[in-house]
Amino acid sequence: MAKTKTRTTAKVSRNGQVKTPRLNFGDKWDYSPAPESTKIVKIDDQYGHFIGGKFVAPAEGKYFDTINPATEKTLAKVAHGTQKDVDKAVKAARKAYEKYWAPMSPKDRGKYLYRIARMIQEMSREFAVLESMDGGKPIKESRDVDVPLVAQHFFYHAGWADKLDYAFPGRRARPLGVAGQIIPWNFPLLMASWKIAPALACGNTVVLKPAETTPLTVLLLAKLIQEADLPPGVVNIVTGDGEAGAALSSHPGIDKIAFTGSTEVGKMIQRSAKTRHITLELGGKAPNIIFEDAPLDQAVEGIINAIYFNQGHVCCAGSRLLVQESVHDEVVKKLEHRIQTLRVGDPLDKNTDVGAINSKVQLNRIRHLVKAGKDEGAQFHTSRCKLPEKGFFYRPSYFTGVAQSHTIAQEEIFGPVLAIMTFRTPAEAVTKANNTCYGLSAGIWTDKGSKIFKTLGDMKAGVVWANTFNKFDPASPFGGYKESGYGREGGRQGLASYLEVV
Ligand code: NDP
């Protein structure tokens with residue numbers, strides 16, 4: 001770190017209270033680069049599908065490139081899945097279900113899950129580096145958030161494997177059979193664990209399709225599963241694009257579909273599914289409400305975590321900020337100051353706060369929606385940071401003067417762009433918060449516990465955080481209302497989605 005001279009300024013607010021001193025970073029110092037080594041990661045030139053416990057070539061012999069979005073360099077070639085590959089994987093999963101997994105004692109199933117969890121912990125650094133390389137997220141997030149949560153999910157569900165009778169007292173729980181699982185690119189390994197761990201704990205076998213842009217950590221998980229000696233076919237991975245996803249979700253041999261992704265694709269899946277057991281975890285446009293009595297400095301950190309975490313590629317991101325009018329200017333001033341300190345760049349640098357946008361397509365989508373925001377009259381503000389010359393990057397940004405009718409107040413931008421609106425009364429905050437086709441998550445910032453309980457009770461959102469944001473726990477059910485989908489993942493409710501409870 002060079003030249004570490006900083007200055008603090010203390011001010012007295014309107015009500016006579018001394019405000020928290022502000023760190024004035026100015027241009028006096030900067031961080032030196034601290035890149036994480038990639039030596040720990042071994043990437044093959046080419047990957048097949050993982051079917052029946054083996055890596056196999058795609059039926060039609062086609063492969064596609066997966067790239068590092070921060071450098072635009074190709075990392076590996078990955079099998080392009082088609083209907084034939086999906087058929088093969090579903091067949092392998094069915095065989096494994098009948099021959100190994102369903103007849104196995106729940107206690108033994110649990111042992112396999114514990115083994116996988118421990119191996120994930122042992123390989124955590126390799127998983128974290130590979131996740132940042134293939135997906136663009138900062139290493140401090142993949143290392144400190146994604147991978148620990150992945151291990152937690154396997155540990156948590158390993159514990160449930162032989163206790164399902166206690167989860168639903170007085171009733172009998174039976175596995176559904178073969179689960180088809182389709183996951184997005186924003187939390188590749190974490191979403192794989194959210195899907196695979198409960199399915200296996202409940203006695204199902206799986207066929208999982210990762211997103212086209214982020215298959216590598218899921219393929220590394222397949223290698224780990226092979227090493228863990230899981231019976232062949234219990235977990236199958238078919239890589240590919242929407243074609244493979246559609247083949248899987250409409251397959252007649254599937255007993256359960258679990259999907260995380262866009263509302264548009266979720267609707268298509270619902271129409272084509274051949275099973276009634278479906279869970280859809282779709283988009284969101286979460287309100288993050290700041291009342292005037294909130295601790296504002298903490299609330300501003302909450303805003304940063306809510307919208308700039310993982311470049312804003314978060315279905316439950318707090319992308320609509322609702323600030324009480326009396327503190328709007330102060331919050332915006334603090335936010336403006338804070339975003340200038342966010343370090344944007346190399347995802348593998350341990351100091352990076354905001355990494356690369358996952359793909360060129362997503363970067364263009366963000367730009368398109370930002371243009372709509374400007375054209376419709378909202379005021380655009382952005383960080384002044386320098387961006388790397390190569391790769392897909394977007395500066396942390398926010399809009400003020402946003403109206404409820406603006407596109408950026410209604411559509412999921414899925415990038416580091418916040419829409420700020422105001423309210424005067426708690427009732428107005430709730431009305432505005434619920435004025436969306438989504439209902440996945442929400443945040444409330446206030447000093448008053450009673451206000452938290454009153455507000456969250458009035459909100460139509462699956463998860464509501466109070467004086468925090470984007471906190472996840474495998475024991476806590478996650479899922480949405482309205483166009484954010486249905487069904488829950490995590491907790492006892494998540495287990496129920498993989499069982500026939502009679
Ligand atoms: P998608 O919904 O297209 O992708 C999610 C998964 O579904 C991917 O594995 C994808 O494969 C697969 N898929 C695509 N088409 C089909 C289909 N017809 N049938 C079955 N599966 C399919 O999201 P996008 O990647 O296109 O992102 C678009 C927008 O969706 C984003 O800008 C964001 O707003 C939102 N989104 C929301 C997410 C959430 O967690 N709620 C996650 C990701 C995106 P492939 O990647 O290979 O195309």
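Given Cβ point charges of +1 (Lys, Arg) and -1 (Asp, Glu) and nothing else, what value in debye, to the nearest 20, does the dipole of the range 384-467 about its Cα centre take? If you can, show how the numbers build up before the last one.
Numbers: 10 positive and 6 negative charges, 50 e Å.
My answer is approximately 240 debye.
Which ³J(HN,Hα) values in Hz, rounded to whole numbers, follow from the phi angles of the range 151-167 under the Karplus curve 6.51 cos²θ - 1.76 cosθ + 1.60, where θ = phi - 60° and Gly and Pro get x?
The phi angles translate into 4, 4, 4, 5, 4, 4, 6, 4, x, 6, 3, 9, 10, 5, 4, 7, 5 Hz.
Is the range 358-502 best put as rounded, prolate or oblate by its Cα gyration tensor, with a ≥ b ≥ c the root eigenvalues, rounded for a/c under 1.5, and otherwise prolate when a/b is larger than b/c, oblate when not? Don't skip to the answer; put the middle values down first.
Values: a/c = 2.05, a/b = 1.37, b/c = 1.49.
Note, shape of the range 358-502 comes out oblate.
Between Lys73 and Ser450, 0.36 nm times their residue separation minus their Cα-Cα distance comes to what? Display every interim value, and only then the final one.
On the way: separation 377, 0.36 × 377 = 135.72 nm, distance 5.23 nm.
Taking 0.36 nm per residue and subtracting the Cα distance, the gain is 130.5 nm.
Is the C-alpha gyration tensor of the range 62-136 telling us rounded, prolate or oblate? Criteria: a/c under 1.5 is rounded; beyond that, a/b larger than b/c is prolate, otherwise oblate.
Working: a/c = 5.32, a/b = 1.38, b/c = 3.86.
Cα axes put the range 62-136 in the oblate bin.
Expressed as a rounded percentage, what relative contact order does the chain have, with Cα pairs under 8 Å and six or more residues apart?
On the way: 1156 pairs, mean separation 83.4, N = 502.
Once normalised by length, the contact order is 17 percent.
Work out from phi, with θ = phi - 60° and the Karplus expression 6.51 cos²θ - 1.76 cosθ + 1.60, the ³J(HN,Hα) of each residue of the range 54-62, listed in order in whole Hz, and give x for Gly and Pro.
10, 7, 10, 5, x, 3, 9, x, 9
Per 5 Å bin, what is the whole-percent P(r) computed from every C-alpha pair distance within the range 158-240?
Calculated P(r), rounded to whole percents: 3, 14, 24, 23, 16, 10, 6, 3, 0.
If each of Lys163 and Lys471 carries a label point 7 Å out from its Cα toward its Cβ, how far apart are those two points in nm?
About 2.2 nm, to one decimal.
Please list the non-local residues whose amide H lies under 5 Å from the amide H of Cys316, H modeled 1.01 Å from N, same-chain partners needing a gap of 5 or more.
none
Counting DSSP beta bridges in the chain, what percent are antiparallel, to the nearest 5? Present the calculation step by step, with values, prior to reporting the outcome.
Values: 25 of 63 bridges.
Expressed as a percentage, antiparallel bridges in the chain total about 40.
Give a residue-ordered list of calculated ³J(HN,Hα) values for the range 448-459 (Karplus: 6.51 cos²θ - 1.76 cosθ + 1.60, θ = phi - 60°; whole Hz; x for Gly, Pro).
9, x, 5, 5, 4, 5, 5, 5, 5, x, 8, 9
How much length would be gained if the chain were fully extended between Ser405 and Gln83, taking 0.36 nm per residue of separation minus their Cα-Cα distance, in nm to one decimal? Write down the numbers at each step before the final one.
Values: separation 322, 0.36 × 322 = 115.92 nm, distance 4.18 nm.
Contour length minus the Cα-Cα distance gives 111.7 nm.
Taking only DSSP H segments of four or more residues, each worth -39500 (n - 2.57), what value at 222 nm results for the chain once the sum is divided by all its residues, to the nearest 500 deg cm²/dmol?
Working: 16 runs with 175 residues, N = 502.
Helices in the chain give a 222 nm mean residue ellipticity of -10500 deg cm²/dmol.
By its C-alpha gyration tensor, with a ≥ b ≥ c as the square roots of the eigenvalues, how is the range 139-206 shaped: rounded for a/c under 1.5, else prolate for a/b larger than b/c, else oblate?
On the way: a/c = 3.63, a/b = 1.76, b/c = 2.06.
It is oblate, given that a/c is not under 1.5 and a/b is not larger than b/c.
Between Asp229 and Val361, what length in nm is gained on full extension when 0.36 nm per residue of separation is reduced by their alpha carbon distance? Write out the running numbers ahead of the final one.
Values: separation 132, 0.36 × 132 = 47.52 nm, distance 3.82 nm.
Length difference between fully extended and current span is 43.7 nm.
Which one, Ala201, Gly284, Phe168, projects farthest toward the positive side of the charge dipole computed for the chain from Cβ point charges (K/R +1, D/E -1)?
Phe168
5 Å is the cut-off here: which amide hydrogens, built 1.01 Å from N in the peptide plane, fall below it relative to Asp241, excluding neighbours closer than 5 in sequence?
Sorted by chain and number, the residues that satisfy this are Gly81.
No lab work stands behind these numbers, since they all come straight from the coordinates. On a predicted model such as this, the values are computed, not experimentally measured, just so you know. Using ideal geometry, Cβ is built from the backbone for each residue, glycine included, and neighbour counts are taken over all protein chains shown.
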